[in-house]
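Read-outs: derived from the displayed coordinates by stated rules, not from any lab. Not measured: the values here are computed from a predicted model. Cβ: placed from backbone, ideal geometry, glycine included. Neighbour counts: every protein chain shown.
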Amino acid sequence: MKIIVTKNYDEMSKEAGKIFIDRIKNNPEIILGLATGSTPIGMYKELIKAYENKEIDFSRVRSFNLDEYVGLDENDETSYRYFMNDNLFNHININRENINIPNGKAKDLNAFCKEYDEKLEKAGGIDIQLLGIGEDGHIAFNEPGDFLNVGTNITALTDSTIEVNSRFFNSIDEVPTTAITLGMGGILKSKEIVLLANGEKKAEVIKELLTQDKVTTSLPVSFLLVHPNVTIIVDEEAYSGIAKC
Ligand code: PGA
């Protein structure tokens, strides 16, 4: 596991941008695993800049997003599809047919999960997966618990996640309580993983991840410890728990 500590959010975003830009240049048909949340917004700006400067071309790039709220459609400003359009896809030349985001309005959600995994597998799996991290150690919406799912699945969000994510909604009551998420299998089969974390709020979970030598379902992100190609990029605040050790 490679760890890069940067001064601040902007530097973290630039470091992550450099990695993705390099991989896209080297493989124009790359399959990107993409994430939502506050963390990757700066890194998406780096990709947009590189596209505008004609450094990279998205015309043959394919993408799979990690998750989506159940019940929200793409016109809903709080849906993850809306987020992706707004923060990345509307600003680059990616072919809409090459974008995959779980459908929170699918009639048969379980059948949809199965199809999503099949499509990902057929595509050859994710070449490089971008991840944020929840304060409770979740990755995508794989929440701490007695077990973790391997495949794409419908999951109940924890109270902690609902509370943290309520900042994007008018009130906490509007936060969907279930989501579709790529399972641990889809994530861990990625050839390369880049996890980003910034801010003091992530210091405790980053400390937990980097100081305990164990894999546990109560800290889903700990499964990255056994993956052969993970880079963690944090800012000084997110790293501050370690710095104090
Ligand atoms: P954030 O979310 O980027 O908004 O902090 C990360 C996550 O919950 O995975």
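For region 1-99, rounded, prolate or oblate, judged on the Cα gyration tensor with a ≥ b ≥ c (square roots of eigenvalues), a/c < 1.5 rounded, else prolate if a/b > b/c? Can you show the working numbers first?
Working: a/c = 1.78, a/b = 1.23, b/c = 1.45.
Taking the square roots of the gyration eigenvalues as a ≥ b ≥ c, region 1-99 is oblate.
Could you grab the relative contact order for the chain? Cα pairs under 8 Å, six or more apart, rounded to a whole percent.
Answer for the chain is 25 percent.
Need the list of lysines near Lys214 for cross-linking: C-alpha distance under 23 angstrom, and skip anything on the same chain fewer than eight residues off.
The qualifying lysines are Lys2, Lys189, Lys191, Lys201, Lys202, Lys244.
Using a basic spin-label model with each label point 7 Å from the Cα along Cα→Cβ, how many nm lie between Glu52 and Arg167?
2.5 nm
Rank the residues Asp57, Asp108, Asp136, Asp146 as a footprinting-exposure proxy: fewest other Cβ atoms within 10 Å of their Cβ go first. Don't skip to the answer; put the middle values down first.
Numbers: Asp57 15, Asp108 9, Asp136 18, Asp146 6.
Placing the least packed residue first, the sequence is Asp146, Asp108, Asp57, Asp136.
Within 10 Å, count the other beta carbons around each residue, average over each peptide in 162-168, 31-37, and list them highest first.
31-37, 162-168
Mind checking which of Tyr51, Tyr80, Tyr69 has the largest fluctuation in a GNM of the chain, springs on alpha carbons under 10 Å?
Evaluated over the chain, the most mobile residue of the options is Tyr51.
Using the charge dipole of the chain (Lys, Arg: +1 at Cβ; Asp, Glu: -1 at Cβ; taken about the Cα centre), state which of Gly37, Ser79, Ile92 has its Cα farthest towards the positive end.
The residue sitting farthest along the positive end of the dipole is Ile92.
Please compute the net charge surrounding Thr181, taking Lys and Arg as +1 and Asp and Glu as -1 over other residues with Cβ under 9 Å from its Cβ. Could you put the intermediate results ahead of the total?
Numbers: positive: none; negative: Asp67, Glu68, Glu143.
With Lys, Arg at +1 and Asp, Glu at -1, the net is -3.
For the chain, what proportion of DSSP beta bridges, expressed in % and rounded to the nearest 5, is antiparallel? Could you put the intermediate results ahead of the total?
Details: 9 of 31 bridges.
Antiparallel: roughly 30 percent of the beta bridges in the chain.
Just how far, in whole angstrom, is region 134-161 from region 1-68 if you go by their alpha carbon centroids?
If you average the Cα positions of each part, the centres end up 24 Å apart.
Taking a quarter of the surface of the convex hull around the Cα atoms of region 124-215, what do you get in nm²?
Details: hull surface 27.1 nm².
Average projection, Cα convex hull of region 124-215: 6.8 nm².
Could you tally the net charge around Ala238, taking each other residue with its Cβ under 10 Å from the Cβ of Ala238, Lys/Arg +1 and Asp/Glu -1? Could you put the intermediate results ahead of the total?
Values: positive: Lys201, Lys202, Lys207; negative: Glu200, Glu204, Asp235, Glu236, Glu237.
Spelling it out: positives minus negatives among the neighbours equals -2.
Run the dipole for the chain about the Cα centre, Lys and Arg Cβ at +1, Asp and Glu Cβ at -1, nothing else charged, and hand back the magnitude in debye, nearest 20.
820 debye
When N is the residue count of the chain, what does its C-alpha Rg come to as a fraction of 2.2 N^0.38 Å?
Details: Rg = 16.9 Å, N = 245, 2.2 N^0.38 = 17.8 Å.
Rg over 2.2 N^0.38 Å, computed on Cα atoms: 0.95.
Return the whole-Å distance between the Cα centroid of region 223-240 and the Cα centroid of region 69-104.
27 Å
Enumerate the calculated ³J(HN,Hα) couplings along region 40-56 in order (Karplus 6.51 cos²θ - 1.76 cosθ + 1.60, θ = phi - 60°), each rounded to whole Hz, writing x wherever the residue is Gly or Pro.
Running phi through 6.51 cos²θ - 1.76 cosθ + 1.60 with θ = phi - 60° gives x, 4, x, 5, 5, 4, 5, 5, 5, 4, 5, 5, 5, 7, 6, 6, 9 Hz.
Test of the criteria: in region 203-245, which trypsin sites (Lys or Arg not before Pro) are in a DSSP loop and have at most 15 other Cβ atoms within 10 angstrom of their Cβ? Write out the running numbers ahead of the final one.
Working: sites: Lys207, Lys214, Lys244; in loops: Lys214, Lys244.
Passing sites in region 203-245 are Lys214, Lys244.
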